[in-house]
Amino acid sequence: SGSPSKYINYKEPLTYKQAQKLPDAAEWQEATEKELQQFIDLDAIIPIKRGDVPKDKNITESKLVFKVKLQADGSLDKYKVRLVAKGFTQIYGVDYYENFSPTPMIGGVRFVLIFILQHKLKRASGDVTGSFLNITLKEEVYLRLPEGLELKGSSIVKLIKCLYGLKQAARDWYELSDKIIRSFDPDLIRSETEPCIYFKMSEACTFMMSVHVDDYIFGYENNNYFSAFLKHFEATIKMTISPEVDFMLQMKLEWTENSVTLSQNRQIESLVKKFNLCDSKKVFFTPMETKLKLTKGDSNSLPDFPYRELVCSLLFIARYTRPDILFSVTLLCRFLTNFTEIHWNAAKRVLCYLSRTTDWVLTYTRDLNAPILEIYTDSDWG
């Protein structure tokens, strides 16, 4: 399956031609053929000649995205290739109309994990392969395949089903998923504040689930209820179920009877190797220098540093599992368009601090004696 060290900083190809020149070209070719075969099997695309495209229609560009999927321990899971549309080449009013789709905030996801822990629920995770290919497009969309790829001698296809990258794809998928979930049980409630979280609490059944696009987390106590839900869902869409929730949203999850631990060690190590900025001789015990005062630089003459890339990568880790760097990173975020070398050095320090604390984790513990949360407000809705 490949050693973790081999893939910790693996650089995936950017194009089909690049993939063909790599030592693992055969694996990438197999993954590409598998992706295209999926479209054919599902009747998702129809090859069409360029001259048959109506003159009033746009041709959306596309690309292949190559990704090495890793397991929680960093070892190889599989080579994954995905054909995606370049949504920015779509035209509003021609190729799409509505495009908003909700996803759960990280606080909502953590709440579901804590709820499962506190109530000692059984847990499972679900994944829908080729989720968008289950949706029939409402609009008439034409697509140009990436360079080097053809179907039946043509590089132009008409899309019958949705495709990753289309502006309307996520919205159409959410609407279908939500419809299936809510039609299962009228007592299964969708949260008003987090429309990607569903729950049912009664004497006979406690059930909660979180949906992040096509990844699902389940907490349940009644096996029959959960089995009935899966049967109902899979009557429309096939879902792969795992009996554990040990990796999600680039977080590694470790469960015990009374705790759940969230960590991003692998992501931090990958980030350190990617930027290669940390001097092993320097040791930082805090993410930011005390009493550091940052001021705006000249937005018209920014220094040549990947400041925004680094800070946004740090923000992802800070929000998910490392609240100890959250203040420092959000402060640095204020200067994404007017940073100086001083800001860059401050961002490097946060990264070096993380490199020294890769084994730090975020742990939630189960407490049966936890007090009931009471909230008071003097708001008059004015």
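The values are calculated or read from the model by the stated rules, or taken from the named source; none is laboratory data. Everything numeric here is computed off the predicted structure, so don't read it as measured data. A quick note on method: Cβ atoms are made from the backbone with ideal geometry, for glycine too, and the neighbour counts reach across all protein chains shown. Ligands, DNA and RNA are excluded from the accessible area calculation, which covers all protein heavy atoms including side chains. Shrake-Rupley method; radii C 1.70, N 1.55, O 1.52, S 1.80 Å.
Residue-wise test of (1) in contact (Cβ under 8 Å) with a residue 40 or more places away in the chain; (2) surrounded by fewer than 13 Cβ atoms within 10 Å (Cβ to Cβ); (3) not in a strand (DSSP E or B).
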| residue | (1), (2), (3) |
| --- | --- |
| 26 | no, yes, yes |
| 29 | no, no, yes |
| 57 | yes, no, yes |
| 64 | yes, no, no |
| 77 | yes, no, no |
| 80 | yes, no, no |
| 83 | yes, no, no |
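For (1) closer than 30 Å to residue 256 by Cα; (2) in contact with a helix residue (DSSP H, G or I) (Cβ under 7 Å, 6 or more places away or on another chain), each residue gets a yes or a no:
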| residue | (1), (2) |
| --- | --- |
| 283 | no, yes |
| 290 | no, no |
| 300 | no, no |
| 311 | no, yes |
| 317 | yes, yes |
| 332 | no, yes |
| 346 | no, yes |
| 355 | yes, yes |
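The sole residue among 40, 46 that is outside any loop (DSSP other than H, G, I, E, B) and at pLDDT below 90 is 40.
Within segment 363-375, residues that are in contact (Cβ under 8 Å) with a residue 24 or more places away in the chain sit with their Cβ atoms under 6 Å from residues that are open to solvent by less than 70 Å² (accessible area, probe 1.4 Å) and in a strand (DSSP E or B), at 6+ positions apart or across chains, in these pairs: 363/259; 363/261; 364/260; 365/259.
So in segment 114-128, with the set limited to residues that are surrounded by 15 or more Cβ atoms within 10 Å (Cβ to Cβ) and not in a helix (DSSP H, G or I), which one is modelled with the lowest pLDDT? So, considering only residues that are surrounded by 15 or more Cβ atoms within 10 Å (Cβ to Cβ) and not in a helix (DSSP H, G or I), the one modelled with the lowest pLDDT is 128. Considering (1) farther than 30 Å from residue 136 by Cα; (2) at pLDDT 95 or above; (3) not basic (Lys, Arg), the lone condition that residue 265 does not fulfil carries the number (2).
Within segment 256-282, restricting attention to residues that are closer than 19 Å to residue 72 by Cα and among the aliphatic types (A, V, I, L, M), the residue that is surrounded by the fewest Cβ atoms within 10 Å (Cβ to Cβ) is 272. Show the residue pairs that are 6+ apart or on different chains and have beta-carbon atoms under 9 Å apart, the first residue being within segment 33-44 and more than 16 Å from residue 149 (Cα to Cα), the second being at pLDDT below 85 and open to solvent by less than 80 Å² (accessible area, probe 1.4 Å). From residues that are more than 16 Å from residue 149 (Cα to Cα), the pairs are 42/130; 44/38; 44/130.
Tell me the strands (runs of 3 or more DSSP E) entirely within segment 191-271 that contain at least 2 residues that are more than 21 Å from residue 131 (Cα to Cα).
Values: elements: 197-201, 206-212, 215-220, 240-242, 251-256, 259-263.
Here the list reads 197-201, 206-212, 215-220, 251-256, 259-263.
Under 7 Å between Cβ atoms, at least 6 apart or on separate chains: pull out the pairs that start in segment 287-309 with a residue that is basic (Lys, Arg) and end on any residue that is surrounded by 12 or more Cβ atoms within 10 Å (Cβ to Cβ). Correct list of pairs: 296/335; 296/338; 308/336.
So which residues in segment 93-135 are more than 22 Å from residue 261 (Cα to Cα) and without any contact (Cβ under 8 Å) to a residue 24 or more places away in the chain? Answer for segment 93-135, where residues must be more than 22 Å from residue 261 (Cα to Cα) and without any contact (Cβ under 8 Å) to a residue 24 or more places away in the chain: just 93. Restricting 111, 132, 100 to those that are of a type in the set (Phe, Trp, Tyr), under 20 Å from the mean Cα position of the chain (by Cα), over 21 Å from residue 319 (Cβ atoms) and not in a loop (DSSP other than H, G, I, E, B) reduces the list to 132.
Contact map, segment 213-239: residues that are within 18 Å of residue 179 (Cα to Cα) and at pLDDT 95 or above paired with residues that are open to solvent by 70 Å² or more (accessible area, probe 1.4 Å) and of a type in the set (D, E, K, R), Cβ distance under 8 Å, separation 6+ or inter-chain. Pairs shown: 226/122.
Within segment 173-188, work out how many residues are over 16 Å from residue 99 (Cα atoms) and either open to solvent by less than 40 Å² (accessible area, probe 1.4 Å) or aliphatic (A, V, I, L, M) (or both). Spell out the reasoning first.
Narrowing segment 173-188 to residues over 16 Å from residue 99 (Cα atoms): 179-188.
Going one step further and asking which of them are either open to solvent by less than 40 Å² (accessible area, probe 1.4 Å) or aliphatic (A, V, I, L, M) (or both), we end up with 180-181, 185, 188.
The qualifying residues number 4.
For every residue, the table says whether it meets (1) more than 22 Å from the chain's Cα centre (by Cα); (2) of a type outside the set (Val, Ile, Thr); (3) open to solvent by less than 20 Å² (accessible area, probe 1.4 Å).
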residue	(1), (2), (3)
171	no, yes, no
210	no, yes, yes
215	no, yes, no
222	yes, yes, no
227	yes, yes, no
236	yes, no, no
240	no, no, no
253	no, yes, yes
